[in-house]
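Undergrad: Sharing a structure here in structure tokens format.
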Amino acid sequence: MLNAILNKKMKSAAMLSFAVLSFSCSSIKGGNTREAKASIASTKPEVAGSGTVSFIQKQNEVEMKLDLNFPSKANQTVAVHIHEHGDCGNAGNDAHGHWNPTNSKHGKWGSAEYHLGDIGNVKLDASGKGSLKLETDKWSVGTGATNDVSGKGIIVHDGVDDYVTQPTGNAGSRIGCGPIELVKK
């Protein structure tokens, strides 16, 4: 009887060790990451441009990497926001307003109040290229929660976000748009 109890405890310990080891290995390999991406296209024929954005969630953190190429906006700054819908029809206007699931005032990312879609301004170089990286626990990817970036739209504006004017930051017209879509693995 004692032998049977010891064997059962050893099996349980071995199974627990295997489960912990399996979880650790999958975490090391990034087994619990989710990703969403958008290809940004120009919304205006007179303003050629393109870009990409990726959102990679590892545990509770989302890393955003944004790359823009708008040659006609060389040496200028453009505003970038996440908008409510991933629909770029009607020159990007079908993306509707800034994504704001928290019903906050428009502002600068990380300030006292801001929309979850208030990414900010990107300085473009002499070739019209610019990039931005952001890490946050405010977003999620592919969760279906109110803070999920999937299904939203990324918009590039032709002006600078002043971080004050409500609800848009006076960022100007929409010159680029891309639907943010979950990457299927």
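The values are calculated or read from the model by the stated rules, or taken from the named source; none is laboratory data. These numbers come from a predicted model, not from an experiment. Here Cβ is always computed from backbone atoms with ideal geometry, including for glycine, and neighbour counts include all displayed protein chains.
Undergrad: Among the residues of region 40-89, which ones are outside any strand (DSSP E or B) and charged (D, E, K, R)?
TA: Passing the criteria: K44, E46, K73, E84, D87.
Undergrad: What pairs can you find where one residue is in region 100-121 and among the polar types (S, T, N, Q), the other is surrounded by fewer than 17 Cβ atoms within 10 Å (Cβ to Cβ), and their Cβ atoms are less than 7 Å apart, with a gap of 6+ or different chains?
TA: Filtered contacts from region 100-121: S104/E113; N121/T77.
Undergrad: Before we move on, is A79 loosely packed, with under 15 Cβ neighbours inside 10 Å and at negative phi?
TA: no
Undergrad: Residues of region 127-184 being free of Cβ contacts under 8 Å to residues at least 12 places away in the same chain and in contact with an Asp or Glu (Cβ under 8 Å, 6 or more places away or on another chain), which ones?
TA: The one that is free of Cβ contacts under 8 Å to residues at least 12 places away in the same chain and in contact with an Asp or Glu (Cβ under 8 Å, 6 or more places away or on another chain): N170.
Undergrad: If you don't mind, there's one more thing I want to ask. Within the bounds of region 104-127, is there any residue that is farther than 25 Å from I56 by Cα, more than 12 Å from the chain's Cα centre (by Cα) and surrounded by 18 or more Cβ atoms within 10 Å (Cβ to Cβ)?
TA: no
Undergrad: Scan region 28-43 residue by residue and report those that are more than 16 Å from I154 (Cβ to Cβ) and modelled with pLDDT of 95 or more.
TA: The answer is R34, and nothing else.
Undergrad: For region 128-148, which residues satisfy the criterion of being among the β-branched types (V, I, T) and over 12 Å from the mean Cα position of the chain (by Cα)?
TA: Within region 128-148, T143, T146 qualify.
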